[in-house]
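The values are calculated or read from the model by the stated rules, or taken from the named source; none is laboratory data. Treat the numbers as computed from the prediction; the structure is a model and nothing was measured. Cβ coordinates were reconstructed from backbone atoms using ideal geometry, including for glycine residues, and neighbour counts include every protein chain displayed. Note: areas computed on protein heavy atoms with side chains; ligands, DNA, RNA excluded. Shrake-Rupley method; radii C 1.70, N 1.55, O 1.52, S 1.80 Å.
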Amino acid sequence: MKKQLILLGKYTLIRMSRRGSILHTRTHWLLLGLALLCSLVLFMYLLECAPQTDGNASLPGVVGENYGKEYYQALLQEQEEHYQTRATSLKRQIAQLKQELQEMSEKMKSLQERKNIGANGIGYQGNKEQAPSDLLEFLHSQIDKAEVSTGAKLPSEYGVIPFESFTLMKVFQLEMGLTRHPEEKPVRKDKRDELTDVIEAGLEVINNPDEDDEQEDEEGPLGEKLIFNENDFIEGYYRTERDKGTQYELFFKKADLMEYRHVTLFRPFGPLMKVKSEMIDITRSIINIIVPLAERTEAFAQFMQNFRDVCIHQDKRIHLTVVYFGKEGLSKVKSILESVASESNFHNYTLVSLNEEFNRGRGLNVGARAWDKGEVLMFFCDVDIFFSAEFLNSCRLNAEPGKKVFYPVVFSLYNPAIVYANQDAPPPVEQQLVHKKDSGFWRDFGFGMTCQYRSDFLTIGGFDMEVKGWGGEDVHLYRKYLHGDLIVIRTPVPGLFHLWHEKHCADELTPEQYRMCIQSKAMNEASHSHLGMMVFREEIEMHLHKQAYRTNSEAVG
């Protein structure tokens, strides 16, 4: 029995030993499989991380050469260093930009409290911020280049950049574009915002003057400081020189004061800057209105009616010089002048009689020299011109001896027989004075109406006496001023109208003069649309006739 137990124990130990060996073998193969699986996963990962190559190039370690683990580790490290270097460079650039921005902000902040930015003028912005000194030098250089303080010598009238005039409600424009409206009302929003900002800037200059401003602080009726507001804005002019900036001329006046406040601003494609601020007293400024005339006594009678209403009853600072050519109609002209003088107690007029053929330039030269009381502001005027009291003040404000001459653009009225063809008769002249595209146009090719001081006119040599007959003499004088040093103010003026009258182009005119006369005659008749309706009148009537026939046929059917 004991012997059997010993044999059974040995047998059990042998079986256990065999089972342990089998388990050990299985564990070994399992670990080996796991190791192979991990190697395969690592290999696939390295293939994914390998750099892209051209479509025809072989991947290292696959088809080409056999690269090891160290190669891919080195490749990954190189890519990481490249991106770290790029990130460091971008961070350095951002830091530099932040530093420059900080420095610029500090400069702007330090300049906020500075009010004067140069000896020639001040800058204006709503938040009182000013630009750095190097930028200011450039802006001032733009002002110096522009025709603001001195005139620019131009080769011809085509080089002139005209002004556009404006009030609080309207802008009177020469470049009408597709709209073809001689005045813009309501004003386009962007332009209205611009001009509103400019008027506010002008008020800021007037109400807070600097020591260098040519004006004195005035007090109100109760001794308080006189404050101007937008209702005191009378008129303004602006123009843009495309390579320099925009110039603004603003005029303000209190209703109970005689003096005007004049502010010149300039926007050199940057902050709005003040060029000049001054007070202008025109209470003693007399205008000598010079009118050359031959026959046309009925037109002269109408002219004197406007003269009496505006110059004698309202303005009262006018002298009239009439230069009459020929003998026919001279007595009638004398009678009209004497009648106005006796009715209005007006004696400030001069009648010069020339027994020769009419020559406008000759008449204006004689009229200018007939004045023997020293310096005077002259307005060269034609007998078919209608003007307002506001225009006379504009004449005084925009002409300065030795400095500026004023060339207003006249609004020329069309033939009332065409404009008011649908009425029984044209309305009175006073009711025809409206700025509409079908009633008239800005006479931008005419240079006959001008305000200039006598000394400037004589210095420049007056009119060219070689020019005979109709037209041409005013253009020659205009070119003389453009070739000189005086500033030429050219702008449409709402208070100046050219009344329609029939033109006759004489056969003795030169070809150039005759062409100009015919061109002026054609443009004076009617608007483009009215002329077109006249040209196609037969076609329109035929169409209406067909329409009426068709309507009648349908009614009968």
Q | Given (1) open to solvent by less than 20 Å² (accessible area, probe 1.4 Å); (2) over 20 Å from Ala368 (Cα atoms); (3) touching a Ser or Thr at 6+ places or on another chain (Cβ under 7 Å), number of the condition Lys332 does not satisfy | A | (1)
(Q) Among (1) open to solvent by 60 Å² or more (accessible area, probe 1.4 Å); (2) in a helix (DSSP H, G or I), there is one condition Val475 misses while meeting the rest; what is its number? (A) (1)
Q. Which one is surrounded by the fewest Cβ atoms within 10 Å (Cβ to Cβ) among residues in segment 238-262 that are polar (S, T, N, Q) and either touching a helix residue (DSSP H, G or I) at 6+ places or on another chain (Cβ under 9 Å) or closer than 19 Å to Ile206 by Cα (or both)?
A. Thr246
Q: Could you please let me know if Glu175 is at pLDDT below 85, under 13 Å from the mean Cα position of the chain (by Cα) and outside the structural domain of Pro408 (by the TED database)?
A: yes
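Let's see how each residue does on (1) open to solvent by 100 Å² or more (accessible area, probe 1.4 Å); (2) of a type outside the set (Asp, Glu); (3) outside the structural domain of Asn306 (by the TED database):
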{"residue": "Thr491", "(1), (2), (3)": "no, yes, no"}
{"residue": "Pro494", "(1), (2), (3)": "no, yes, no"}
{"residue": "Phe497", "(1), (2), (3)": "no, yes, no"}
{"residue": "His501", "(1), (2), (3)": "no, yes, no"}
{"residue": "Cys505", "(1), (2), (3)": "no, yes, no"}
{"residue": "Glu508", "(1), (2), (3)": "yes, no, no"}
{"residue": "Tyr514", "(1), (2), (3)": "no, yes, no"}
{"residue": "Ala526", "(1), (2), (3)": "no, yes, no"}
{"residue": "Ile540", "(1), (2), (3)": "no, yes, yes"}
Q: Scan segment 331-349 and report the pairs whose first residue is assigned to a helix (DSSP H, G or I) and whose second residue is polar (S, T, N, Q), with Cβ atoms within less than 8 Å and a gap of 6+ or a chain change.
A: Lys332/Thr297; Val333/Thr297; Ile336/Thr297
Q | Residue count for segment 351-384, restricted to those that are assigned to a strand (DSSP E or B) and either crowded, with 16+ Cβ neighbours inside 10 Å or free of Cβ contacts under 8 Å to residues at least 12 places away in the same chain (or both) | A | 7
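Among what's in segment 213-237 and is open to solvent by 20 Å² or more (accessible area, probe 1.4 Å) and under 13 Å from Val263 (Cα atoms), pick the residue that is modelled with the lowest pLDDT. It would help to see each step written out before you state the result.
So the first thing to find is which residues in segment 213-237 are open to solvent by 20 Å² or more (accessible area, probe 1.4 Å), and the list is 214-219, 221-227, 229-231, 234-235.
Then keep just the ones that are under 13 Å from Val263 (Cα atoms); that gives 214-215, 234-235.
Details: Glu214: 59, Gln215: 56, Ile234: 95, Glu235: 95.
The selected residue is Gln215.
Examine segment 190-207 for a residue that is at pLDDT 80 or above and hydroxyl-bearing (Ser, Thr, Tyr), and state whether such a residue exists.
yes
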Q. Which one of Met273, Met258 is in contact (Cβ under 8 Å) with a residue 24 or more places away in the chain, at negative phi and in a strand (DSSP E or B)?
A. Met273
(Q) List pairs: first residue in segment 152-178 and more than 15 Å from Gly446 (Cα to Cα), second residue in a loop (DSSP other than H, G, I, E, B) and modelled with pLDDT under 75 anywhere in the structure, Cβ distance under 6 angstrom, at least six positions apart or on different chains. (A) Lys170/Lys185
